[in-house]
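These notes concern the structure reproduced below.
A short reminder: the numbers here are calculations on the coordinates, not readings from a lab. Just so it is clear, the structure is predicted and the values come from calculations on it, not from any experiment. Cβ coordinates were reconstructed from backbone atoms using ideal geometry, including for glycine residues, and neighbour counts include every protein chain displayed.
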Amino acid sequence: MSMVYTEDDRMLADTAEEFLSSKSPVAAQRALRDNKSVTGYDKLIWQQMSELGWTAITFPEELGGLAFSYKGLGAVFESMGKHLTASPMLSSVVLSGTVLQHLANQQQLTWLDGVINGEKRLALAIDEQARHNPSTISCTAVANTNGYILSGEKAIVIDGVSPDAWLVAAQYDNAVNLFVVPFSADVKVKATRLIDSRNYATLCFDNVQLPVDALLGQSVESWSSANALDFALDLGRLCLSCELLGAVKALFAMTIEYLKTREQFGVKIGTFQALQHRAARCFVELELAQSCVMSALSTADTDPENLALSVSLAKWKLSKVADLITSEAIQMHGGIAVTDELDIGLYLKRIRVAQMLLGDADFHQARYMTLKG
């Protein structure tokens with residue numbers, strides 16, 4: 001198992017860093033927040049990401065993808081976390097794209113084509129309450145002569161406002177299945193504003209009529225809906241861990257720079273031994289967290305059937321390290337850290353939401369214990 005990026009991964013990481021630092025700096029996220037963007041991301045930047053091939057990174061060549069490694073995808077998400085870049089990469093490409101890759105039939109693959117070339121944006125609707133709990137699905141689908149009737153609600157749907165379609169998890173035929181619900185369907189959509197000022201939605205399906213081809217899982221692959229959904233969620237959790245890694249690295253670097261420049265009593269505060277010890281602890285924990293992420297990325301590339309355990313470890317570790325580094329960043333900066341003058345607050349808000357999405361530390365600690373038996 002390789003715990004470092006390959007040369008190709010590093011080239012992709014360098015490209016992502018160069019592009020995002022110039023086209024999507026933290027100031028861009030601040031502007032999206034101040035302008036109360038409905039989509040929560042810059043459509044022009046998203047188009048340019050697609051043109052760079054990011055939407056096709058891990059998909060096989062026969063589907064129009066680049067057949068690149070998950071490590072390369074992780075490097076992109078780490079850079080996105082560093083610059084607080086908002087985009088539909090997680091919701092449309094990683095979550096929805098993975099589900100479609102393994103469950104779509106030939107006709108439904110047109111949705112995946114749109115995702116890979118960046119022309120379509122999809123959102124996965126899984127949770128039905130604020131806390132992530134994919135094992136509890138109350139939304140139901142009932143077959144009728146015209147297709148299916150979908151009823152229920154979904155909460156905290158990532159990028160759920162005005163996508164081209166939602167992929168909705170619902171109980172059907174005594175199991176959880178996934179349905180393609182186009183934006184044109186009679187769905188009640190309510191925008192949900194979280195503290196990171198991005199795009200989330202609550203969806204209400206009140207006996208929504210779906211066509212006969214809405215049900216996913218009729219492909220020639222042997223993947224079940226449950227397996228495809230679990231795999232997509234684990235990839236999403238892994239990408240969120242990479243994003244968290246980039247964000248806390250950036251926050252830690254900002255804090256170290258502040259310790260080197262801020263003076264008290266005529267000396268740099270970075271010379272105070274107590275602060276040096278606290279910074280050293282942050283550094284060690286950050287290195288351990290990166291090792292967890294790299295291990296999970298390697299598992300995704302070489303042993304995807306056993307991905308769940310390493311993903312839950314990575315998401316748990318990054319959530320814990322994020323708690324430590326955000327706390328130390330605020331304390332070491334002092335009162336100015338909680339003002340809007342610095343970018344620390346923007347990082348803190350995004351980190352808190354990313355920690356919660358697709359399972360917080362408590363969720364993944366319990367899941368890890370269950371998987372270990």
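Tilt of helix 361-372 relative to the longest C-alpha principal axis of the chain, in degrees (0 to 90, nearest 10)?
Between helix and principal axis, roughly 70 degrees.
Hey, with R₀ at 41 Å, roughly what FRET efficiency would Ile256 and Ser162 work out to, going by the Cβ-Cβ distance, to 0.05? Intermediate values should be presented prior to the final figure.
Numbers: r = 40 Å, r/R0 = 0.99.
After rounding to 0.05, the efficiency reads 0.50.
Hey, how many Å between the Cα centroid of the stretch 2-48 and the Cα centroid of the stretch 217-291?
If we compute the Cα centre of each part, the gap is 17 Å.
Once Lys and Arg get +1 and Asp and Glu get -1 on their Cβ, which of Ala280, Ala337, Ala296 lies farthest toward the positive end of the dipole of the stretch 280-373?
Result: Ala296.
Pop the C-beta distance of Asp213 and Thr370 into the FRET formula with R0 = 45 Å and round what comes out to the nearest 0.05.
Values: r = 36 Å, r/R0 = 0.80.
Here the calculated transfer efficiency is 0.80.
Mind checking which of Gln108, Tyr70, Ala16 is farthest towards the positive end of the stretch 10-146's charge dipole, using Cβ charges of +1 (Lys, Arg) and -1 (Asp, Glu) about the Cα centre?
Result: Ala16.
Where does each of Phe183, Phe205 land when they are ranked from fewest to most other beta-carbon atoms within 10 angstrom? Don't skip to the answer; put the middle values down first.
On the way: Phe183 14, Phe205 25.
Ordered from fewest to most neighbouring Cβ atoms within 10 Å, Phe183, Phe205 come out as Phe183, Phe205.
Considering the dipole of the stretch 149-244 built from charges on the beta carbon (Lys and Arg +1, Asp and Glu -1) around the Cα centre, which of Val212, Leu240, Val168 is farthest to its positive end?
Of the candidates, Leu240 comes out farthest on the positive side.
Let me spell out the model: positive unit charges on the Cβ of Lys and Arg, negative unit charges on the Cβ of Asp and Glu, origin at the Cα centre of the chain. What dipole size does that give, in debye rounded to 20?
Working: 31 positive and 42 negative charges, 267 e Å.
The dipole of the chain has a size of about 1280 debye.
Do the sum for the chain: with -39,500 (n - 2.57) for every DSSP H run of n ≥ 4, divided by all residues, what is the mean residue ellipticity at 222 nm, to the nearest 500 deg cm²/dmol?
Details: 11 runs with 183 residues, N = 373.
Calculated at 222 nm, the ellipticity per residue is -16500 deg cm²/dmol.
For the stretch 1-145, what is the relative contact order in percent, using Cα pairs closer than 8 Å and at least 6 residues apart in sequence?
24
Calculate the FRET efficiency for Trp223 and Gln276 from the Cβ-Cβ distance with a Förster distance of 51 Å, rounded to the nearest 0.05. List each step's numbers first, then the result.
Numbers: r = 51 Å, r/R0 = 1.00.
That gives a FRET efficiency of 0.50.
Report D for the stretch 1-107 in µm² per second (integer): Stokes-Einstein, Kirkwood Rh on Cα pairs, 10 °C, 1.306 mPa s. Intermediate values should be presented prior to the final figure.
On the way: Rh = 14.7 Å.
My calculation gives 108 µm²/s for D.
Using the Karplus equation 6.51 cos²θ - 1.76 cosθ + 1.60 (θ = phi - 60°), what ³J(HN,Hα) coupling, rounded to whole Hz, does each residue of the stretch 207-215 give in order, writing x for Gly and Pro?
Here the 3J(HN,Hα) series is 6, 7, 7, 10, x, 5, 8, 6, 6 Hz.
Quote the relative contact order of the chain in percent (integer), defining contacts as alpha-carbon pairs under 8 Å separated by 6+ residues. Working shown, then result.
Working: 657 pairs, mean separation 65.3, N = 373.
Relative contact order, the chain: 18 percent.
Among the aspartates and glutamates, which fall within straight-line cross-link reach of Lys43, defined as a Cα-Cα distance under 17 Å, with same-chain neighbours fewer than 8 residues apart omitted?
Asp34, Glu51, Glu119, Asp159, Asp164
Taking the chain as the reference, fit the longest principal axis to its C-alpha atoms, fit the long axis of helix 307-333 to the helix C-alpha atoms, and give the angle between the two in degrees, 0 to 90, nearest 10.
40
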